[in-house]
Amino acid sequence: MSDHQNLFAMATAQFTKAADLINLNPMVRTILSEPQNEIIVNFPVTMDDGSHRLFKGYRIQHNNTHGPYKGGIRFHESVNLSEVKALAAWMTWKSALMGIPFGGAKGGVSFNPRNFSPAEIQRITRRFTYALGNNIGPEYDIPAPDVGTGAREMVWMMDTYMQMFNASERNQTRRVVTGKSLLNGGSLGRDKATGQGLVFCFDVWSQHAGFPIKGSTFFVQGFGNVGSHAARIMQARGSRMLAASDHTGAIGNADGIDAHDLAAYVAQKGGVKGYARAKEIQQTEFYHTKADIFIPAALECTVTIDNEALIQAKYVVEGANGPTTPEAEAKLAARGITVIPDILANSGGVTVSYFEWVQNKNSELWDLEKVDEELNIMMTRSTEGVIEEMKSRKCDPRTAAMCLAVGRLEKIYMERGIFP
Ligand code: NAD
């Protein structure tokens with residue numbers, strides 16, 4: 001079985017390492033080792049040509065001890081049970097690490113949205129939401145965007161969910177999803193939140209390491225929501241992008257690629273391929289890019305023992321969830337390359353989702369300055385915490401982050417016990 005097909009085994013290995021290190025209470029270890037609920041739905045959708053197709057959708061609710069289940073919805077052809085379980089567990093750790101009063105969940109539908117019309121995608125989204133029914137809810141389980149979904153799909157989910165309520169109750173249900181458009185209850189700054197949070201986190205990390213961002217270089221894998229925003233914000237800090245890749249291919253330019261210009265090109269053409277101000281490069285050349293920072297922001301298991309040796313960067317800052325396999329991570333560490341883990345580096349998304357949920361609940365509207373300021377405070381606090389934990393436990397950054405997250409959940413369980 002490939003890493004990708006068995007992602008939950010990878011997530012479990014990370015959990016076990018931290019659990020062993022903190023000598024986790026056996027009851028808590030048992031509870032956290034599997035998700036609380038695994039929901040699989042098969043639902044029919046009418047295609048544009050009048051035919052019908054059955055789709056398989058997942059919602060995995062890993063843990064809600066720390067607050068309502070929270071996590072994205074992925075539309076991608078490789079979505080499978082093991083993958084969604086791993087992604088749900090990482091959401092639990094992420095919320096706990098950040099101290100956000102949410103638990104962890106993830107969902108997805110196994111199909112490639114690029115092969116379907118917008119009308120078909122809308123029907124798939126709505127029918128999936130309907131199939132989930134009250135397995136989601138504004139105080140129970142709150143989806144958000146992930147790979148292949150964005151504000152458009154979140155608004156369709158919100159609208160479908162709202163239809164299940166009386167008109168007088170509907171307004172209070174809009175926070176059933178986050179990552180909505182601004183017009184439909186979204187928060188300012190949510191679109192760039194994950195990239196912004198990644199840069200806030202790296203700000204703190206680089207200051208501790210005495211490594212200036214200004215004048216540095218980076219390259220990005222995946223130029224979607226996370227990758228393209230991270231690139232634009234890194235550029236604004238005076239760092240230069242030397243290569244970028246996505247599902248269409250990889251491009252490089254040793255003199256630098258303008259992140260705004262590339263984002264505009266990708267928005268128009270659908271991918272980085274054919275971008276005239278850089279040359280097309282092979283994957284081996286891409287991984288071997290001579291830059292200080294590598295930001296994997298595509299899918300999981302993209303940094304493996306097959307390509308790890310090519311990486312020359314000083315830092316791998318995980319924008320994606322689970323991009324680095326444990327074997328590759330150990331080898332990178334042995335070569336002195338720091339991997340700043342997903343549950344810390346990409347937690348800006350769930351953090352601003354939390355801000356959106358709070359704004360909806362209280363009928364508030366925060367300005368962008370407030371969103372960024374609050375995000376910076378939370379990213380700084382959690383990054384400082386991980387650095388401190390790493391020093392005191394003499395462990396790698398991911399294990400330190402996991403120790404903090406799992407340790408927090410352990411304390412909660414110790415106070416509450418289990419029913420009956
Ligand atoms: P997205 O759909 O906006 O972008 C995904 C990008 O990955 C696209 O550019 C796509 O072309 C690229 N890609 C796909 N296959 C590839 C391949 N084989 N090689 C290189 N690139 C490839 O998704 P996103 O929301 O930016 O999510 C990216 C990653 O970040 C995922 O791991 C996701 O779970 C994680 N993440 C997202 C958020 C968020 O707020 N959106 C938050 C935290 C973590």
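Bear in mind that the values in this text are calculations on the coordinates, not laboratory data. As the structure is a prediction and not an experimental result, all values here were calculated from the model. Note that we place each Cβ from the backbone using ideal geometry, even for glycine, and neighbour counts take in every protein chain shown.
Here are Ser245, Ser239: which of them is closer than 24 Å to Leu299 by Cβ, away from the ligand (no atom under 13 Å from the Cβ), without any contact (Cβ under 8 Å) to a residue 60 or more places away in the chain and surrounded by 17 or more Cβ atoms within 10 Å (Cβ to Cβ)?
Ser239
Restricting attention to segment 330-365, report how many residues are part of a loop (DSSP other than H, G, I, E, B), in contact with a helix residue (DSSP H, G or I) (Cβ under 6 Å, 6 or more places away or on another chain) and more than 16 Å from Pro101 (Cα to Cα).
Filtering segment 330-365 down to residues part of a loop (DSSP other than H, G, I, E, B) leaves 335-337, 341, 346-347, 363-365.
Filter once more, keeping what is in contact with a helix residue (DSSP H, G or I) (Cβ under 6 Å, 6 or more places away or on another chain): 341, 346-347.
If we keep only those that are more than 16 Å from Pro101 (Cα to Cα) as well, we get 341, 346.
Matching residues across segment 330-365 total 2.
Of the conditions (1) away from the ligand (no atom under 16 Å from the Cβ); (2) in contact with a Phe, Trp or Tyr (Cβ under 8 Å, 6 or more places away or on another chain), Arg53 fails just one. Which one is it?
Of (1) away from the ligand (no atom under 16 Å from the Cβ); (2) in contact with a Phe, Trp or Tyr (Cβ under 8 Å, 6 or more places away or on another chain), only one is false for Arg53: (2).
Looking at Phe211, Phe223 in this structure, which one is in a loop (DSSP other than H, G, I, E, B), among the hydrophobic types (A, V, I, L, M, F, W, C) and more than 9 Å from the ligand (Cβ to nearest atom)?
None of the other options fit; the residue is Phe211.
For Asp255, only one of the following conditions fails: (1) surrounded by 17 or more Cβ atoms within 10 Å (Cβ to Cβ); (2) farther than 24 Å from Arg74 by Cβ. What is its number?
The number of the failed condition is (1).
Is there a residue in segment 173-192 that is buried (at least 23 other Cβ atoms within 10 Å of the Cβ), touching a His at 6+ places or on another chain (Cβ under 8 Å) and touching a residue at least 40 places away in the same chain (Cβ under 8 Å)?
yes
Name the one entry in Gly57, Gly71, Gly133 that is under 27 Å from Ser187 (Cβ atoms) and surrounded by fewer than 18 Cβ atoms within 10 Å (Cβ to Cβ).
None of the others qualify; the one that does is Gly133.
From the list Ser168, Ser228, which one is closer than 21 Å to Phe286 by Cβ, part of a helix (DSSP H, G or I) and without any contact (Cβ under 8 Å) to a residue 40 or more places away in the chain?
Criteria check complete, one pass: Ser228.
Thr92: out of contact with any Asp or Glu (no Cβ under 7 Å at 6 or more places or on another chain) and buried (at least 18 other Cβ atoms within 10 Å of the Cβ), yes or no?
Yes, satisfied.
Any chance you could count how many residues in segment 186-205 are closer than 22 Å to Lys106 by Cβ and not in a helix (DSSP H, G or I)?
5
Say whether the condition of being away from the ligand (no atom under 11 Å from the Cβ), touching a Leu at 6+ places or on another chain (Cβ under 9 Å) and among the small types (Gly, Ala, Ser) is met by at least one residue in segment 189-204.
So far as segment 189-204 goes, yes, one or more of its residues are away from the ligand (no atom under 11 Å from the Cβ), touching a Leu at 6+ places or on another chain (Cβ under 9 Å) and among the small types (Gly, Ala, Ser).
If you go through segment 313-323 one residue at a time, do you hit one that is surrounded by fewer than 16 Cβ atoms within 10 Å (Cβ to Cβ), farther than 27 Å from Arg74 by Cα and either out of contact with any strand residue (DSSP E or B) (no Cβ under 9 Å at 6 or more places or on another chain) or among the hydrophobic types (A, V, I, L, M, F, W, C) (or both)?
no
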